[in-house]
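What follows is a single structure, written as structure tokens, with notes after it.
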There are 2 protein chains.
Amino acid sequence: MSPTRIPEATVARLPVYLRALNSLLEGDTRTCSSEELATAAGVNSAKLRKDLSHLGSYGTRGVGYDVEYLRYQIAREIGLTQDWPVVIVGIGNLGHALANYSGFTSRGFRTVALLDADSARQGELVAGLKIRPFTELSAIVREHGVAIGVIATPAAAAQSVCDHMVDAGIRSILNFAPSVLTVPAGVDVRMVDLSSELQILAYHEQRKSAPATPDPLDPGVVA
Amino acid sequence: MSPTRIPEATVARLPVYLRALNSLLEGDTRTCSSEELATAAGVNSAKLRKDLSHLGSYGTRGVGYDVEYLRYQIAREIGLTQDWPVVIVGIGNLGHALANYSGFTSRGFRTVALLDADSARQGELVAGLKIRPFTELSAIVREHGVAIGVIATPAAAAQSVCDHMVDAGIRSILNFAPSVLTVPAGVDVRMVDLSSELQILAYHEQRKSAPATPDPLDPGVVA
DNA sequence: CTCAGTTTGTTCCCACGTTCACAAACTCTT
DNA sequence: AAGAGTTTGTGAACGTGGGAACAAACTGAG
């Protein structure tokens, strides 16, 4: 039973728990304690228990959790027990990698079309799918009932692609372009910025090695 | 100028501000208010001002911020005014895309080597670099002073690659493999899981459209 | 100089998330 | 059946982050 809304921080960790459970199942583990699962997921056991308690009472005191059963419950909560058709727009290096990424298809997501505005690329076969012109977007969305779109275009094209996606009826967008997207209410956007993550690492790395902050006026490399 | 530690949430947004400032500079904007910059970065203006106040007082009341000056200060704070040599391990589809990703090189990060354990791929030219055997890792780290490593291998290999990186002296790791990495204290790991993001979108999407699962206790969409 | 207008930096308060600690509930042994 | 040993689920304390609101500080006009 899920009487209240699940906290956002918890939702973000559910996929991690799911991965950990899958990995336990591969090792033929039938039952696990919150401590074991927490270790496998890389979190605190108290946090794990509180997270799971938001979904319901799926464990047994004194015993632990049934791995298979818990996995199903989490998958159902996320919505992975149903089929999610996905379109990917922008088949450059990254789009190419995403189309071939097994982590998508293995978790209920099904890439139904690859779109690119560049007419030179169209017809090319990537991951078993032909690249189709971007103009076919809305027809494809209608035909397959696509609700989720992935943007892997250059930053300059991202907002325009996003607008077309929204017009076509897509309500959830995963954006890999380094560009802020503005969308109407009711549409969800999640942003993955590869270089941001590196910059955050660089910040901490700098703090590790350099105790004092000198202020040389050298502009250095800024771009 | 920065007496106290900068909050983690703020650090995570600094790259976003940097992007917004770059974009403003391209439009020949010399000065901007917190309101303008916040809009460009997709955040609340109060949050932006509080974030920037953690770095120091770089604005002028009644006027706003000097775009060029603020950009330099943020870049310096993150550490982008220095050079960051990076190695990428695992040159599959994703590693290939990362090697070609312009967002890395344009921000002070310099890919010095591409490594792969598969001997069939070695010598292959990707993004102007020859793929080298993984065994050369520690020599390369020593030679170039590499502090940051990127893992783009399959999940099964990730922990082993991580261990070798730590042994070689790398202290910051960006992990794209869907696998929890355990590292000694003092080593930072950031994880980017492409399929997790999709799963989070699916959760919200499910909540938007489908009110009825086996237990219909949820009032439905509140957006 | 003074006053009106603007925008930053900061304070206060609330909501959310994390962690500790413990009662409740289960298993197993005797 | 009872007690010892486990482990979950949760209440309470604590810390972090977000947003409104305002004082401080600047510009520019008269």
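The values are calculated or read from the model by the stated rules, or taken from the named source; none is laboratory data. This one's a predicted model, so the numbers in the text were calculated from it and none came from an experiment. We place every Cβ from the backbone using ideal geometry, glycine too, and count neighbours over all the protein chains shown. For the accessible areas, the whole protein counts, side chains as well, though only heavy atoms, and no ligand, DNA or RNA atoms are used. Shrake-Rupley method; radii C 1.70, N 1.55, O 1.52, S 1.80 Å.
Given the conditions (1) away from DNA strand D (no atom under 14 Å from the Cβ); (2) β-branched (Val, Ile, Thr); (3) under 15 Å from the mean Cα position of the chain (by Cα), which single one is not true for residue B:11? All conditions are met except number (1). Against the list (1) more than 10 Å from DNA strand D (Cβ to nearest atom); (2) crowded, with 16+ Cβ neighbours inside 10 Å; (3) more than 25 Å from the chain's Cα centre (by Cα), the condition residue A:28 fails is (2).
Figure legend. Inter-residue proximity from region B:34-60: first residues under 14 Å from residue B:14 (Cβ atoms), second residues near DNA strand C (Cβ under 6 Å from one of its atoms) and aliphatic (A, V, I, L, M), beta-carbon distance below 7 Å, spacing 6+ or different chains. Indicated pairs: B:58/B:52.
For region B:69-91, name all the residues that are farther than 15 Å from residue B:15 by Cα and acidic (Asp, Glu). Don't jump to the end; show me each part of the working.
The first filter runs over region B:69-91 and keeps only residues farther than 15 Å from residue B:15 by Cα, leaving B:69, B:82-91.
Within region B:69-91, just B:83 meets the criteria.
Among the residues of region B:112-120, is there at least one that is closer than 21 Å to residue B:164 by Cα, at the interface with chain A (Cβ under 8 Å from one of its Cβ atoms) and either touching a Cys at 6+ places or on another chain (Cβ under 7 Å) or open to solvent by 10 Å² or more (accessible area, probe 1.4 Å) (or both)? Among the residues of region B:112-120, not one is closer than 21 Å to residue B:164 by Cα, at the interface with chain A (Cβ under 8 Å from one of its Cβ atoms) and either touching a Cys at 6+ places or on another chain (Cβ under 7 Å) or open to solvent by 10 Å² or more (accessible area, probe 1.4 Å) (or both), which makes the answer no. Taking the listed residues A:90, A:145, the one that is open to solvent by 20 Å² or more (accessible area, probe 1.4 Å), on the phi > 0 side of the Ramachandran plot and over 16 Å from the mean Cα position of the chain (by Cα) is A:145, with no other qualifying. Listed by position, the helices (runs of 4 or more DSSP H) contained in region A:70-166 that have at least 3 residues being at pLDDT below 95 are A:102-105. Selection over region B:43-69 of residues that are more than 9 Å from DNA strand C (Cβ to nearest atom), open to solvent by 50 Å² or more (accessible area, probe 1.4 Å) and not in a helix (DSSP H, G or I) gives a count of 2.
Of all residues in region B:1-40, those satisfying the criterion of being in a helix (DSSP H, G or I), within 15 Å of DNA strand C (Cβ to nearest atom) and under 20 Å from residue B:80 (Cβ atoms) are B:8, B:9, B:10, B:12, B:13, B:14, B:17, B:20, B:21, B:24, B:37, B:40.
Against the numbered list (1) touching a residue at least 24 places away in the same chain (Cβ under 8 Å); (2) more than 16 Å from DNA strand D (Cβ to nearest atom); (3) open to solvent by 20 Å² or more (accessible area, probe 1.4 Å), residue B:99 comes up short only at (3).
Among the listed residues A:55, A:48, identify the single one that is out of contact with any Phe, Trp or Tyr (no Cβ under 8 Å at 6 or more places or on another chain) and among the aliphatic types (A, V, I, L, M). Quick ask: steps written out before the conclusion?
On the way: A:48 fails: out of contact with any Phe, Trp or Tyr (no Cβ under 8 Å at 6 or more places or on another chain).
Sole residue among the options that is out of contact with any Phe, Trp or Tyr (no Cβ under 8 Å at 6 or more places or on another chain) and among the aliphatic types (A, V, I, L, M): A:55.
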